[in-house]
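These notes concern the structure reproduced below.
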Amino acid sequence: MTGTAPSLHVTYPQKIGGLRFDFKADCPCGGKTTGQARLSTFFESLGWKVYRAPETALVLMSGGVKFTNLSKLEAYKFQENLIRTMKQIEDTYFELANTCPQNCLVICDRGIMDASAYLPTEDWEQMKADNNWNEIQLRDNRYNQVIHMVSAARGAEMFYTVAGHQTRHESINQAIELDQITAGAWVGHPYYDVIDNTTGFEGKVMRMISAVCNRLGIDTGDRLSTNSKKRKFLVTGVLDWTIFPPHQKFMVTHDYLVTPSRKMQARIRKRGQNGQWTYTHTIRRPEINEESVELRMAINSRDYEILLAQRDYRHYSIYKKRTCFLWNNHYFHLDEYEDPCPPGCKGLILLETYTTLEGDDLKVPDFLQIEQEVTGNSKYSMFNLSIKEEMDRTKSDASIDSRDV
């Protein structure tokens, strides 16, 4: 399946025939990086295998290439080689996915048609002829779905930034033009979804994940509704494991990092099962217009170890055994805090779900012993649970947990 501007491409071969999701993100500040990480975590929680093909352009351009300094011929050959490299990288992951014994999602960071957007029409036509390419194969058949995540430069200007991006320097006007060009490159794909900025960023990410689930026919209930909220319950035990629904178990480790501002929060997460791990880096920026912006990105094990050296020693490491399951059309996380753990986490078990239902309209699993609902109780936020006693908890303004999808 495939996605678009800020784009990302994903493939989900199921045993009924294999889907490919191309979730592409070309323009800066559209939500590609965070969306990719959130989408990965969501499907891994369902027991899927997720592969992530990296952005080829970033790999090549971070080696010292500046596109504006290339001659016309150099730019042509660079784009041709970029597409050839992208095809080979994607094909490597597609082959792995096709032999995977479980449901599998392949996320491709940008897609081939993105590269065509950087070429004059006559050059693109010549390149297709030279390489015996055609757009039906490159666009329509290669990816099962395209999702275009509109740049923040179009409709969410106050959130637009290229700070911290190695190869991005576009002004807002340049980003708008680039967004329009790359979006146009995918017109004609049979499954093309555009995720705009008509909601806040959280709603945008939820709509993106929902679009993928809808394409796959996965019923998520109201978990991905834009007005759903996290509800949290204190659990004293599992009454009967024999009637526990099908589930996936993961070991999860969270560490908070030192940040330059007390209004900013950063953490890393290690999550895995059977000795296989995924790593995530999350940064929560200060609120803008009463909306807290959270950036989440998948990282590799080496980056994880480097960031771990920046651990904030005012916080304990948090260890959890997480059980993910579906029950009564709702998706739940059951987190059992593990040793070594902070004093406040000894024996702690928390159940979480996202829903639009209020009060008793939400039916909680009857095989769990629920003591009370603790939604909104800062005592049970992971940030506060991790704080060491010598740190003044009352001074923290970053105690609200984020969505962990």
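The values are calculated or read from the model by the stated rules, or taken from the named source; none is laboratory data. Here the structure is a predicted model, which means the values were calculated and not measured. With ideal geometry, Cβ positions are generated from the backbone for all residues, glycine too; neighbour counts draw on all protein chains shown. Ligands, DNA and RNA are excluded from the accessible area calculation, which covers all protein heavy atoms including side chains. Shrake-Rupley method; radii C 1.70, N 1.55, O 1.52, S 1.80 Å.
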For segment 351-361, 3J(HN,Hα) per residue [Karplus equation, 6.51 cos²θ - 1.76 cosθ + 1.60, θ = phi - 60°, Hz, x = Gly/Pro]: 10, 10, 8, 10, 7, 8, 6, 10, x, 6, 5
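Full-extension gain between Val65 and Leu362, please, as 0.36 nm times their residue separation minus the C-alpha to C-alpha distance. Could the numbers behind the result be given before it?
On the way: separation 297, 0.36 × 297 = 106.92 nm, distance 5.43 nm.
Roughly 101.5 nm would be gained on extension.
Given a 1.4 Å probe and every protein chain left where it sits, what share in percent of the accessible area of segment 38-162 is carbon and sulfur?
Working: 2740 of 5440 Å².
Using a 1.4 Å probe with all protein chains present, segment 38-162 comes out at 50 percent carbon and sulfur.
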Accessible area (Å², per residue) of segment 107-153, counting only protein heavy atoms and a probe of 1.4 Å: 35 Å²
Residue-by-residue Karplus 3J(HN,Hα) for segment 69-79, coefficients 6.51, -1.76, 1.60, Hz, glycine and proline x: 8, 7, 6, 4, 5, 4, 5, 4, 5, 4, 5
Distance (nanometres) between label positions extended 7 Å along Cα→Cβ at Gln174 and Thr92: 3.0 nm
Under Karplus coefficients 6.51, -1.76 and 1.60, residue-wise ³J(HN,Hα) of segment 49-54 in Hz, glycine/proline x: 8, 10, 10, 10, 7, x
Sequence-distant residues sharing a close amide H with His148 (under 5 Å, placed H): Thr4, Asp193, Val194, Ile195
Residues with amide H under 5 Å from that of Arg52, placed H, sequence gap 5 or more: Ile107
Given charges at Cβ of Lys, Arg, Asp, Glu: segment 306-345 dipole, positive-most of Phe325, Pro342, His315: His315
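So how strong a dipole does segment 229-391 carry about its Cα centre when Lys and Arg Cβ are +1 and Asp and Glu Cβ are -1, to the nearest 20 debye? Don't jump to the answer; show the numbers that get you there.
On the way: 24 positive and 22 negative charges, 124 e Å.
So the dipole magnitude of segment 229-391 works out to roughly 600 debye.
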Carbon/sulfur fraction of accessible area - segment 229-391, other protein chains in place, 1.4 Å, %: 49 percent
In segment 350-385, chymotrypsin sites (Phe, Trp or Tyr not before Pro) in a DSSP loop with at most 14 other beta-carbon atoms within 10 Å: Phe367
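Per residue, how much accessible area does segment 229-391 have with a 1.4 Å probe, in Å²? Please report the intermediate quantities before stating the final value.
Numbers: 8210 Å² over 163 residues.
Using a 1.4 Å probe on heavy atoms only, each residue of segment 229-391 averages 50 Å².
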